[in-house]
Amino acid sequence: MFEFVAVILFAIATSITPGPNNIMILSSGLNFGFRRSLPHLWGISLGFPMMLIAVGMGFHAIFELWPWLHSLIQALGIVYLVYLAYRVATAAPTRLDVSTAKPLNFVQAAAFQWVNPKAWVVAVGAISAYTTSNDYFIYQVLLISAIFVFAALGSVGLWLVGGVYLKRWLSNWKAQRLFNWIMALLLLLSIAPVFVEQIRLYFKILFN
């Protein structure tokens with residue numbers, strides 16, 4: 001149950017923090033309105049989970065050949081996520097006045113996830129940190145992907161619906177700093193149970 005809550009926190013924190021998807025949907029909402037931006041929103045909300053499933057299935061094949069590799073990747077995933085939290089907390093104020101010529105459609109928004117660096121970090125981090133190399137691996141990947149659908153719809157949708165007001169608030173340097181620190185803290189809290197489990201396994205191996 002605790003790890004399930006951790007995945008939810010992780011999904012919300014990574015979905016709502018400023019990044020290419022949120023900056024673009026914010027711009028789309030400001031320039032084209034809610035209705036015309038809906039395909040863009042659904043492209044993000046479904047495109048990333050589909051990418052996550054594809055990445056997860058690839059990892060599953062590898063874990064069947066080398067089960068020990070999962071623990072190693074999980075540890076590396078924790079390092080990646082701590083680094084991501086650091087980058088979020090120390091990020092300089094971001095320009096929020098990006099404009100686009102026309103709103104992205106569903107396919108364009110979904111395809112964009114494969115060239116989005118943040119999406120790759122989050123996908124690898126989620127699969128490596130919140131799955132186990134057992135018979136339930138596929139179900140875990142599907143569950144994580146489903147959580148990200150709702151997290152993205154709510155979080156990215158918040159940037160779309162509240163675009164103008166959120167832009168005004170985050171244009172303030174201190175407000176954006178506070179926002180980034182809160183999101184970084186949520187990221188760290190989300191990996192706490194995985195970190196504790198890694199420490200437990202380390203001491204188990206060390207003293208056995």
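Points to keep in mind about this one:
- Subset of segment 9-57 that is buried (at least 19 other Cβ atoms within 10 Å of the Cβ) and in contact with a Pro (Cβ under 6 Å, 6 or more places away or on another chain) - its residue that is farthest from ALA152 (Cα to Cα): SER28
- Candidate set from segment 167-200 (those that are touching a helix residue (DSSP H, G or I) at 6+ places or on another chain (Cβ under 6 Å) and farther than 30 Å from HIS70 by Cβ); member that is modelled with the highest pLDDT: TRP181
- Checked against the criterion of being small (Gly, Ala, Ser) and without any contact (Cβ under 8 Å) to a residue 60 or more places away in the chain, segment 22-33 contains one or more residues that satisfy it.
- Once segment 56-69 is narrowed to residues that are in contact (Cβ under 8 Å) with a residue 12 or more places away in the chain and under 18 Å from LEU143 (Cα atoms), the residue that is nearest to the chain's Cα centre (by Cα) is GLY56.
- Residue within segment 42-60 that is touching a helix residue (DSSP H, G or I) at 6+ places or on another chain (Cβ under 7 Å), at pLDDT below 80 and over 26 Å from VAL161 (Cβ atoms) present: yes
- Residue in segment 96-109 that is surrounded by 19 or more Cβ atoms within 10 Å (Cβ to Cβ), modelled with pLDDT of 85 or more, of a type outside the set (Val, Ile, Thr) and not in a loop (DSSP other than H, G, I, E, B) present: yes
The values are calculated or read from the model by the stated rules, or taken from the named source; none is laboratory data. Small disclaimer: the values here were computed from a predicted structure and weren't measured. Glycine gets a Cβ as well: all are built from the backbone with ideal geometry, and neighbour counts include every protein chain shown.
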